[in-house]
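Data block below; observations after.
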Amino acid sequence: MSNTIEITGDSFETEVLKSNIPVLVDFGASWCGPCQKIAPIVHELAEEYAGRAKVATVDVDNNQELATRFGIMSVPTLMIVKGGETVNKWIGFTSKQALVEALDAAIAS
């Protein structure tokens, strides 16, 4: 079972913006090849960071208002949100190492 949280417009504020721990948010779509390639990494991070950070996914096709609100023009787009603010953002496929380093930094700060 995955610790990944599926986010919708209704849950974004509570689960992401008001979270007391950093949140890695993966904006993607089922038809997106790079999104499918990064999905296993995102799920691994959800397991590895359980209790220290949240890992959330947003399906941009089903949550177009969130995609528009955050200026998502290309998927996958990943961002780390801490204290209601975006502290890191990547567009396109991103290495697990880059995500780990950014999550570790967000947790430590």
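The values are calculated or read from the model by the stated rules, or taken from the named source; none is laboratory data. This one's a predicted model, so the numbers in the text were calculated from it and none came from an experiment. With ideal geometry, Cβ positions are generated from the backbone for all residues, glycine too; neighbour counts draw on all protein chains shown.
Tabulated data for the structure shown
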read-out: Candidate set: the stretch 98-109, residues that are farther than 24 Å from Q36 by Cβ and out of contact with any Pro (no Cβ under 8 Å at 6 or more places or on another chain); chosen: the one surrounded by the fewest Cβ atoms within 10 Å (Cβ to Cβ); value: A108
read-out: Tally of residues being outside any strand (DSSP E or B) and of a type in the set (S, T, N, Q) across the stretch 57-104; value: 8
read-out: One residue from T14, T57 being of a type in the set (S, T, N, Q) and over 19 Å from I72 (Cα atoms); value: T14
read-out: Flag for A67 being among the small types (G, A, S) and surrounded by fewer than 19 Cβ atoms within 10 Å (Cβ to Cβ); value: no
read-out: Selected residue (criterion: farthest from L99 (Cα to Cα)) from residues of the stretch 8-49 that are among the acidic types (D, E), part of a helix (DSSP H, G or I) and within 14 Å of the chain's Cα centre (by Cα); value: E13
read-out: Answer from V60, V75 - the residue that is over 11 Å from the mean Cα position of the chain (by Cα), surrounded by 17 or more Cβ atoms within 10 Å (Cβ to Cβ) and touching a residue at least 40 places away in the same chain (Cβ under 8 Å); value: V75
read-out: Which listed residue, of V100, V87, is touching a residue at least 40 places away in the same chain (Cβ under 8 Å), in contact with a strand residue (DSSP E or B) (Cβ under 6 Å, 6 or more places away or on another chain) and at negative phi; value: V87
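Conditions tested, residue by residue: (1) exposed (fewer than 14 other Cβ atoms within 10 Å of the Cβ); (2) at pLDDT below 95.
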position	(1), (2)
D10	yes, yes
Q36	yes, no
I41	no, no
K96	no, no
